Structures are given as structure tokens and as C-alpha cells.
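Visitor: My questions will all concern the structure given below.
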Amino acid sequence: MNNDSKDSSVLAYHIHYLASDLARHSDQILQEQLGIGFAQYKILMALQGKPGIGQKDLAGNLGQTEASVSRQMKLLRSKAMVESRVNPKNKRQHLTLITFKGQRVQEAALALLDNQHEKFFAVISPKTQRQIISDLNKLSKIHS
């Protein structure tokens, strides 16, 4: 194994570890402050960007199973943060919409997470953060 390949493995490990750590901390803060989990927050964010998206497409966009999204949607419906309506173009399909309450919770969650992330990444200069974002965007485009 050459050094470049070893560096790639170390980088991948760190990215996996940090993503997991960020998700765990985000889930904890959201649960404590707003009573929703990180998985529910991701659904609210997706619905904010694509109102009326079908559950199958939502699962695909989030890289989750339909069953997982279905469980989270059930929790969000019970909290009146989302609602489902029959698609007028296809009566067999249900479209999911974020409610006003869901929008308010999503906005509060975004502010909480922005604050957490700002503190988390404070050890990295803004210039380096912009470079990391640029590099991660390049990687995302390769794997999209």
C-alpha cells in the first residue's frame, strides 16, 4: 500500500468519524431543545426545499430506506409538522407537505445547528473552511 492510498484511507476514516460525531451531537441538541431527532430535521429540510415530494423520492434523496422515512414521517405527522395530501394528478399517490409548525421548528433547528457547527469548526480558519467546502463540493460532483 503506497502513502497516497494510506492517506486516502485515513481521510475517509476521519470524514466518517466526524460525520457520525456531528450527526450524534446534532441529534442530541435537537432532541433536548426541540423534541425532534436529526433524521426528522433532515426530512423537514428536504420538504422545505421540495414541497409535495413523494415519500419514495424523499427516501431516495436522503439516502434512507422508505421504511425509515415512513417511521419518521409518522412521528412528524403526530407532532403536526407535516401533512399528507392526495396528489390531484395521481389519486394513488400521497404528497407530503411541511406545515407552518414544521417550518417554524425547522427554522429553529437550523439556527441551533448553525450555532453548534460554528463552535465546532471554530478551530479551522474561515479561509481553510472555504477550501474544504470547495474540495468537498468537487467530491460530491464526482459521486453524484
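The values are calculated or read from the model by the stated rules, or taken from the named source; none is laboratory data. Remember, it's a predicted structure, so these values are computed and weren't measured experimentally. Glycine also receives a Cβ, built like all others from the backbone with ideal geometry; neighbour counts cover every protein chain displayed.
Visitor: Among the helices (runs of 4 or more DSSP H) lying completely within the range 2-79, list those that include at least 2 residues that are of a type in the set (D, E, K, R).
Guide: Qualifying helices (runs of 4 or more DSSP H): 3-34, 55-62, 66-78.
Visitor: Looking at 104, 85, 92 in this structure, which one is among the basic types (Lys, Arg) and in a helix (DSSP H, G or I)?
Guide: Just a single option satisfies the conditions, and that option is 104.
Visitor: Within the range 10-57, restricting attention to residues that are surrounded by fewer than 16 Cβ atoms within 10 Å (Cβ to Cβ) and of a type in the set (Phe, Trp, Tyr), which residue is nearest to residue 89 (Cα to Cα)?
Guide: Residue satisfying both the conditions and the ranking: 17.
Visitor: I'd like the residue in the range 67-78 that is exposed (fewer than 15 other Cβ atoms within 10 Å of the Cβ) and more than 16 Å from the chain's Cα centre (by Cα) and, out of all such residues, is nearest to residue 104 (Cα to Cα).
Guide: Per the stated criteria, the residue is 78.
Visitor: Spot the failing condition for residue 100; the list is (1) surrounded by 16 or more Cβ atoms within 10 Å (Cβ to Cβ); (2) modelled with pLDDT of 90 or more; (3) farther than 25 Å from residue 140 by Cα, and only one is missed.
Guide: Every condition holds for residue 100 apart from (1).
Visitor: Can I ask one more? For the range 23-46, give me each residue that is more than 11 Å from the chain's Cα centre (by Cα) and not acidic (Asp, Glu).
Guide: 24, 25, 28, 29, 30, 31, 33, 34, 35, 36 - these are the residues of the range 23-46 that are more than 11 Å from the chain's Cα centre (by Cα) and not acidic (Asp, Glu).
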